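Take a look at the structure set out below.
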Amino acid sequence: MTELVRILRLARNDFSYFFRTKWLMAILLSLHLSDMLIVFLVYNQMIIDMNYFSFFAPGVIVMGLFVAALDTGRRIWLAIREGVIQYYLSLPISTHGVVIAYLLAGGLAAIVYSTSLLLVTLVVLPAQAIWNLLVLIPFLFVLAVGLAGISASLAAIASTHGEYFFAYQQIVQVLLVTFSTVFYPLKFIASYLPSALVSIVSANPLSLAAEAMREYAFKGNPIQPFLLLNILLVSIPFAIVGALSYLAALRAIQMKGKL
């Protein structure tokens, strides 16, 4: 059996674990769908200078991608805390393979989960360019792997203190979602925040993904390669940092037996 096959099998196992937690899936889906419903019934009537629902719905899809990718860290933390990771390290697979498997599984789980939100959205907000949407999916997968890398690094840092991990996760989630264009257009944000923060908001990977979803999939505008390139440029470093942090944690476990 080759290393690639072992990585894919481990990734499949972790991927299936995400969807075995049915209560978590139900809660996440209900929260995101209720966000869409509230916007459709209330906000869309309050904001008269734009169709806010058509703006916010793609943002909810990206938030779903983000939340599902962050769950990778929870699964890594549980694996370390419950001793499952020691079992994985005893298998004929390298530590690099374990890291890659978890990041791949996190990215795939995020794509599948966000796709479920996308399918619901398409019922009330038809996409204008399905082909553009299909082109975006590989770039969203890379973004999901990068976000999974962020969560993996948090799990590696806080693996000995569960409450710290969830606190770190919430801090990252609030910062990335708040300083993004998921909820509000960039021109509105620029009216209230300093230019330095506006630049951070525009470079936020969630902002880039949400804008790509709005412009290329739901509005049907021609795809601009530079925006897709920017998604890759901000996603890949996150994945690398997360992989290195998780790899360091695994090597510490190999040397000490635990963290």
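When peptides 95-106, 197-208, 134-145 are ranked by their average number of other Cβ atoms within 10 Å per residue, the highest-first order is 95-106, 134-145, 197-208. Between S16 and L122, the contour length at 0.36 nm per residue exceeds the alpha carbon distance by 35.6 nm.
Across V182, V241, V124, mean-square fluctuation computed from a Gaussian network of the chain (C-alpha pairs under 10 Å connected) peaks at V124.
The C-alpha atoms of the chain define a longest principal axis, and helix 162-178 lies at about 30 degrees to it.
For the chain, a simple Cβ point-charge model (Lys and Arg +1, Asp and Glu -1, everything else neutral) yields a dipole of about 640 debye relative to the Cα centre. Structural descriptor for the chain: relative contact order 26 percent, calculated from alpha carbon pairs under 8 angstrom and at least 6 residues apart.
Using C-alpha pairs under 8 Å with a sequence gap of at least 6, the mean separation divided by the residue count of the range 18-150 gives a relative contact order of 31 percent. Taking the helices alone, the chain has a mean residue ellipticity at 222 nm of -26500 deg cm²/dmol, built from -39,500 (n - 2.57) per DSSP H run of at least 4 residues and averaged over all its residues.
Which angle between 0 and 90 degrees, to the nearest 10, do you get for helix 3-20 versus the longest principal axis of the chain when only C-alpha atoms count? Tilt of helix 3-20: around 60 degrees.
Could you tell me how many degrees, from 0 to 90 and to the nearest 10, lie between the Cα long axis of helix 130-157 and the main elongation axis, the longest principal axis, of the Cα atoms of the chain? Taking Cα atoms only, the helix is inclined about 50 degrees.
FYI, it's all coordinate maths here, none of it is from the lab. Keep in mind it's a predicted model, so treat the numbers as computed, not measured. Virtual Cβ from ideal backbone geometry, glycine too; neighbours counted across all protein chains shown.
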